[in-house]
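The values are calculated or read from the model by the stated rules, or taken from the named source; none is laboratory data. All figures in this text were calculated on a predicted structure; none of them were measured in a lab. Cβ coordinates were reconstructed from backbone atoms using ideal geometry, including for glycine residues, and neighbour counts include every protein chain displayed.
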Amino acid sequence: MTSRPDSFNCQKMTQRSHTLVAEATSIATATSLGRLESIHFLIAMTSDQVSIAGLVLKQNGVKRDDLLSVVLDVGREDVEALRDEIFFIATQLGHTYPGPEHFILAICRGQNWNGASALRILGIDPKKIEHDVYEVLGTWPS
């Protein structure tokens, strides 16, 4: 399924998540003919030096330029399914609105997301990123 950059529209997100979606959409438009993919969210997270997601990516040596060099153009991602997974994870953790930490958890949890594939190409284990995020949150899914 081909997703327009604006197809991720969702009202019930934190302000930081809205900013993340806007940045990812901008990156998608510049790099992949406007098709929003999970890797675009990871690239956007590397610019966020405040969120748990941005800090964990930095701690694990994930760099924006490295992700940009492996933007994948294989397969198609169902960005609506990613959105559903993000909300599922937020609910599972007892959070009302998803933030960037829920985005990165969803991306790392899914073996077929281009973002998780990009991390593996760079030699970074998505499960380690997922573990580190849960560790910072101090809570684990039930």
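Within the range 37-73, the residues that satisfy the criterion of being charged (D, E, K, R) and either touching a residue at least 24 places away in the same chain (Cβ under 8 Å) or touching an Asp or Glu at 6+ places or on another chain (Cβ under 8 Å) (or both) are E37, D48, D66, D73.
Considering only residues that are more than 10 Å from the chain's Cα centre (by Cα) and of a type in the set (D, E), look in the range 95-133 and name the one that is farthest from Q15 (Cα to Cα). If we take residues in the range 95-133 being more than 10 Å from the chain's Cα centre (by Cα) and of a type in the set (D, E), then D125 is farthest from Q15 (Cα to Cα). Of the helices (runs of 4 or more DSSP H) lying entirely inside the range 11-64, those containing at least 2 residues that are more than 12 Å from I129 (Cβ to Cβ) span 15-31, 38-45.
Looking at E130, is it in a helix (DSSP H, G or I), in contact with a Lys or Arg (Cβ under 7 Å, 6 or more places away or on another chain) and either within 25 Å of D66 (Cβ to Cβ) or not hydrophobic (A, V, I, L, M, F, W, C) (or both)? For E130, the condition - in a helix (DSSP H, G or I), in contact with a Lys or Arg (Cβ under 7 Å, 6 or more places away or on another chain) and either within 25 Å of D66 (Cβ to Cβ) or not hydrophobic (A, V, I, L, M, F, W, C) (or both) - is met. If you go through the range 60-80 and keep only what is at pLDDT 90 or above and either under 19 Å from G110 (Cβ atoms) or surrounded by 12 or more Cβ atoms within 10 Å (Cβ to Cβ) (or both), you end up with N60, V62, K63, R64, D66, L67. When the residues of the range 1-10 are filtered to those that are assigned to a loop (DSSP other than H, G, I, E, B) and polar (S, T, N, Q), the one that is modelled with the highest pLDDT is N9. In the range 59-85, of all residues being over 15 Å from A118 (Cα atoms) and of a type outside the set (A, V, I, L, M), the one that is farthest from the chain's Cα centre (by Cα) corresponds to Q59. Considering S17, S51, S32, S38, the condition of being at pLDDT below 85 and polar (S, T, N, Q) is satisfied by S32 alone. Per this entry, R76 is counted among residues that are in contact (Cβ under 8 Å) with a residue 24 or more places away in the chain, farther than 23 Å from K12 by Cα and of a type in the set (D, E, K, R).
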